[in-house]
2 protein chains.
Amino acid sequence: MNRNAIGMFDSGIGGLTVYQAIKEKMAGEKIIYLGDTARLPYGSKSAETIIRFSEENARFLMEKSVKIIVVACNSSSAHALPRLQELFPVPIVGVIEPGAEAAAKWAKKRIGVIGTTATIRSRAYEIAILEKKGTWEILSRDCPLFVPLVEEGWGEHRITRLVVEEYLLPLKDQGIDTLVLGCTHYPVLKNAIAQVLGPEIRLIDSALTTAERVFQMLKKRGWLHPAEGTPEDDFYVTDFPERFQKVGEIFLKKKILNVEVANLPGRT
Amino acid sequence: MNRNAIGMFDSGIGGLTVYQAIKEKMAGEKIIYLGDTARLPYGSKSAETIIRFSEENARFLMEKSVKIIVVACNSSSAHALPRLQELFPVPIVGVIEPGAEAAAKWAKKRIGVIGTTATIRSRAYEIAILEKKGTWEILSRDCPLFVPLVEEGWGEHRITRLVVEEYLLPLKDQGIDTLVLGCTHYPVLKNAIAQVLGPEIRLIDSALTTAERVFQMLKKRGWLHPAEGTPEDDFYVTDFPERFQKVGEIFLKKKILNVEVANLPGRT
């Protein structure tokens, strides 16, 4: 058993879907979450900058003695994992590889991948899926309105349903059998997406697949912490804690009480 | 007459509505446009950072010998004008003051102000309007989905119409007689907004009011350049020229051919 906390970071708030999935899978674990809200979005930044920011975020978590670091951010997962694995002695888990693995496991013929414009441009999921050596065809599309719709709290809104149709019916028409939700915000839209696509298309929720991966890694090492009471989690952001609390409630369906402002080690 | 160009900058692409309005009003003027796409959005940054970025943008334009600088960005207009006016010998025009002046001129009782979350939080329009010493009531609301809808090219989309209703019918119900479009992206949605609000509510388009202000300032100084042929404008961005070209077409309804990457003086 390892009583240390699970550390996780994201460029902002989307990582809360991964937080939630870990919480549901491993109720006994304490989580320390860092959202780098002062410097988001990462997607539009260069690889070097993303690596530097990720390093600073991970260092902040390491100082809190975490036993594993979950990189709950697509841009960091695409660019910074090798560097973080080189620098820090704890296991590092990103969101892309578990999603890609699940897609490769379930897909028959055609895989759809959706994400922010930056993620789709990076082709990170496509590359990770194709490394699994299948013969799938991969259809990608960016859905720039999904993140603002989620952050507006419109996950169940009739307008959101229309936007989902607009973006995803063409993928359905092209015969995808599997859809990777390649953005940590998108699990909030899972109901709306499932209603539009119907039961035949399997949705790969990278929050769930990442939580499963974390569970397996801790289990293998004998580091799981059995549920005994409800550990209090710590939330840190680099800017605007009030906004994080407000939008966080949309993700967690409850108030986040203790949000502190983090002074990242690399900053002056 | 002054043959030098009009310089303008924005954190990104929204300033193109101001560009377009200046172009329609003063066909003889050459414009040099700088979009700081590498560092957008400005709205979530501190005042000091916005001032520093604005200074660098203005310095870049000054090196091209512009005769006036148009700050086509709400965040820069709210924070950086005094500093720019102190530093540079040419007239500096922001987008907020002309919009506030027009609102104060036309409003009877209740003024609505819409903008991004950052602009509404800053209360910049509210403050500028109240300085005009009227007895209006001001109702503000942020419309976070408008910018992504515009950038998606959905200005005329049925979904956009529904989002406009969702955001603006409450303001209409509260009896506003004037609505300030307090974001440089919003003129792209003017038709949709006018259809929802009807002819009784006057829309203040800050792109048009800013162009009018520029015209008056150049005229007063005898610096207007009469239309003779079509001067070729220069566009600079600090990142992703392809995206600027693609989304720029939504704003200008034509291709922007010559977009160059700017090396800002303040950068290494």
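Annotations for the structure displayed:
- Of the candidates A:LEU224, A:LEU179, A:LEU257, the single residue that is in contact with a Leu (Cβ under 8 Å, 6 or more places away or on another chain), assigned by TED's automatic domain parsing to the domain that holds A:SER76 and of a type in the set (A, V, I, L, M, F, W, C) is A:LEU224.
- If the condition is being closer than 17 Å to A:GLY43 by Cα and in contact with a helix residue (DSSP H, G or I) (Cβ under 6 Å, 6 or more places away or on another chain), then the stretch A:126-145 contributes A:SER140, A:ASP142, A:CYS143, A:PRO144, A:LEU145.
- If you filter the stretch B:126-155 down to residues that are more than 14 Å from every other protein chain (Cβ to nearest Cβ) and buried (at least 17 other Cβ atoms within 10 Å of the Cβ), you find that the one that is farthest from B:ALA207 (Cα to Cα) is B:TRP136.
- Among the residues of the stretch B:188-204, those identified as touching a helix residue (DSSP H, G or I) at 6+ places or on another chain (Cβ under 9 Å) and either surrounded by 14 or more Cβ atoms within 10 Å (Cβ to Cβ) or closer than 11 Å to B:ILE114 by Cβ (or both) are B:VAL188, B:LEU189, B:ALA192, B:ILE193, B:VAL196, B:LEU197, B:ILE201, B:ARG202, B:LEU203, B:ILE204.
- Filter pass, A:ARG158 being within 14 Å of another protein chain (Cβ to nearest Cβ) and free of Cβ contacts under 8 Å to residues at least 12 places away in the same chain: yes
- The listed residue being out of contact with any Phe, Trp or Tyr (no Cβ under 9 Å at 6 or more places or on another chain) and either within 18 Å of B:HIS157 (Cβ to Cβ) or among the basic types (Lys, Arg) (or both), out of A:GLU165, A:GLU137, A:GLU131: A:GLU165
- Just one of the listed residues (A:THR117, A:THR178) is within 14 Å of another protein chain (Cβ to nearest Cβ), of a type in the set (Ser, Thr, Tyr) and touching a residue at least 60 places away in the same chain (Cβ under 8 Å), and it is A:THR117.
- The single condition among (1) assigned to a loop (DSSP other than H, G, I, E, B); (2) under 15 Å from B:ALA78 (Cβ atoms); (3) of a type outside the set (Phe, Trp, Tyr) that B:LEU40 does not meet is (2).
- Any chance B:ALA58 is modelled with pLDDT of 95 or more and either not assigned by TED's automatic domain parsing to the domain that holds B:ILE250 or not in a loop (DSSP other than H, G, I, E, B) (or both): yes
- Screening the candidates B:THR184, B:THR178, B:THR230 for the property of being buried (at least 19 other Cβ atoms within 10 Å of the Cβ) and out of contact with any Lys or Arg (no Cβ under 8 Å at 6 or more places or on another chain) yields one hit, B:THR184.
- In the stretch A:161-175, residue nearest to the chain's Cα centre (by Cα) [restricted to those that are surrounded by 20 or more Cβ atoms within 10 Å (Cβ to Cβ) and within 12 Å of another protein chain (Cβ to nearest Cβ)]: A:VAL164
- Residue selected from the stretch B:23-37 under the condition of a type in the set (A, V, I, L, M) and assigned to a loop (DSSP other than H, G, I, E, B), by the criterion surrounded by the most Cβ atoms within 10 Å (Cβ to Cβ): B:MET26
- Criterion violated by A:THR184 - all others in (1) in contact with a helix residue (DSSP H, G or I) (Cβ under 6 Å, 6 or more places away or on another chain); (2) within 14 Å of chain B (Cβ to nearest Cβ); (3) not in a helix (DSSP H, G or I) satisfied: (2)
- Matching option when the condition is modelled with pLDDT under 90, outside any loop (DSSP other than H, G, I, E, B) and either of a type outside the set (Phe, Trp, Tyr) or in the same structural domain as A:PRO148 (by TED's automatic domain parsing) (or both), among A:ARG243, A:ARG267: A:ARG243
- Selected residue [of a type in the set (D, E, K, R), at pLDDT 95 or above and out of contact with any strand residue (DSSP E or B) (no Cβ under 6 Å at 6 or more places or on another chain)] from B:GLU137, B:GLU151, B:GLU166: B:GLU166
The values are calculated or read from the model by the stated rules, or taken from the named source; none is laboratory data. Since this is a predicted model, take the numbers as computed values, not measurements. Here the Cβ is made from the backbone with ideal geometry for all residues, glycine too, and neighbour counts use every protein chain on show.
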